[in-house]
Amino acid sequence: MESTEASLPERLNKRDRERKITIERRREEKQQLAVENEQLSYFREAFYATCSSVKALLDSAPTTPTAALASLFDKANKEIITLKNYLSQSKIFLKVYDIRKAQETLQHLESEASELELKLLPKKKFGFKNRRVVKKPTEPK
């Protein structure tokens, strides 16, 4: 009887420790979930803010002087590449839907940038027009 009475406080202490461990584990899981949600909201804010700045940059392209267009498109393309890298690094905590929406947005930005670039800065045509043909003097026979 004494052994059961002595083991009763031990059992209570053990049960209390297990209860505290499970409470701590649940709290950590909840914090992890909150961190993931914070990461998701931060990603959305940062990604779509940068997308809107690139969109504004592309919208200002038709009114930009021709001399500055090359640097404008270069800057827009660099921002799009940065967004691609950010998306690929953020895939760890993003859901499939968010990844797909971000990829669609990037694809739309890329196509819009390339269309505008072709429209406003057409590629120079390459030709051999300036090449001088050197004729060999013919020797009389």
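The values are calculated or read from the model by the stated rules, or taken from the named source; none is laboratory data. Just so it is clear, the model here is predicted, and its values are computed rather than measured. Please note: Cβ atoms are built from the backbone with ideal geometry, for glycine as well, and neighbour counts cover all protein chains shown.
Residues of the range 1-47 that are modelled with pLDDT under 85 and either among the acidic types (Asp, Glu) or touching a Pro at 6+ places or on another chain (Cβ under 6 Å) (or both): GLU2, GLU5, GLU29, GLU36, GLU38. Kindly evaluate ALA113 against the criterion of being among the small types (Gly, Ala, Ser) and either at pLDDT below 75 or more than 25 Å from ALA70 (Cβ to Cβ) (or both). Considered against the rule, which asks whether it is among the small types (Gly, Ala, Ser) and either at pLDDT below 75 or more than 25 Å from ALA70 (Cβ to Cβ) (or both), ALA113 comes out as no. Report yes if some residue within the range 89-106 is modelled with pLDDT under 90, aromatic (Phe, Trp, Tyr) and surrounded by 11 or more Cβ atoms within 10 Å (Cβ to Cβ); otherwise report no. Yes, the conditions are met somewhere in the range 89-106. Among the residues of the range 47-80, those identified as in a helix (DSSP H, G or I) and among the β-branched types (Val, Ile, Thr) are THR50, VAL54, THR63, THR66, ILE80.
To keep it simple, each residue is scored yes or no on (1) among the hydroxyl-bearing types (Ser, Thr, Tyr); (2) more than 30 Å from GLN107 (Cα to Cα); (3) more than 18 Å from the chain's Cα centre (by Cα).
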residue	(1), (2), (3)
ILE21	no, yes, yes
ARG25	no, yes, yes
GLU29	no, yes, yes
GLN32	no, yes, yes
SER41	yes, no, no
ARG44	no, no, no
PHE47	no, no, no
SER52	yes, no, no
ASP59	no, no, yes
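Taking every residue in the range 55-70 that is of a type in the set (Val, Ile, Thr) and pairing it with any residue that is surrounded by 10 or more Cβ atoms within 10 Å (Cβ to Cβ), at least 6 positions away or on another chain, the pairs with Cβ-Cβ distances below 7 Å are THR64/LEU72.
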